[in-house]
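Structure record follows, encoded as structure tokens.
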């Protein structure tokens, strides 16, 4: 699909002709894979789902008009996967110890960790929400999406970097909701940590908030003066 997507600029008509008859069948197969609950301690399951998410991402990015008419096939299974994966992620990545599958790779060299799976999931979701052709798909669920994003990001210091990756292309309302939870912890890490990696991750996190919120960011925390003071404290550190 990625190869076909790269050809749309020159061979758009030909590529659409190839994609149209196979799209419905693809989405039906993707639906079957995504529908069952996400399994804990099963990197092979996460790996298969990641491949589906990558394919869907390519479809959203390269064939939005073609996909829009049949996108309803995949919405319910995709949302169900968001819901079921939260419990697995919370147990494994937050309440549990270090992911034992981190550093496990498939035959193509892609990591099969739970954290990689979650990042891939949210990259797709935020691409969908950020695309005008699909924005209405989750319009009635934007508050739920914000809730699940924050729930996934009950972050430890080590998880700030994935947070930044997830938020880079997120809709502004979603970034604001996450800001309200994560801004002060990120500043605190910068003020108190002596670990270069942790400080770098916290800096990237704040930079993402600044890039998305610009001048409006000062009002997100309810007290513009306090927010500015926290930013200045962090910059001096």
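Each value in this text was obtained by applying a stated rule to the coordinates, not by laboratory testing. All of these numbers come straight from a predicted model, not from anything done at the bench. All Cβ positions, glycine included, derive from the backbone under ideal geometry; neighbour counts span all protein chains shown.
How high is the FRET efficiency between residue 39 and residue 76 when r is their beta carbon distance and R₀ equals 22 Å, given to the nearest 0.05?
0.70
Taking the number of Cβ atoms within 10 Å of each Cβ as an exposure proxy, the fewest-first ranking of 116, 211, 84 is 211, 84, 116. With R₀ set to 45 Å, the beta-carbon distance separating residue 226 from residue 61 gives a calculated FRET efficiency near 0.70.
When 74, 181 are arranged by Cβ crowding within 10 Å, least crowded first, meaning fewest neighbours, the order is 181, 74.
Computed from label points 7 Å out along Cα-Cβ, the spacing between residue 133 and residue 191 is 4.7 nm. Report the calculated FRET efficiency for residue 24 and residue 172 (r = Cβ-Cβ distance, R0 = 41 Å), to the nearest 0.05. Given R0 = 41 Å and the Cβ-Cβ separation, E is 0.75.
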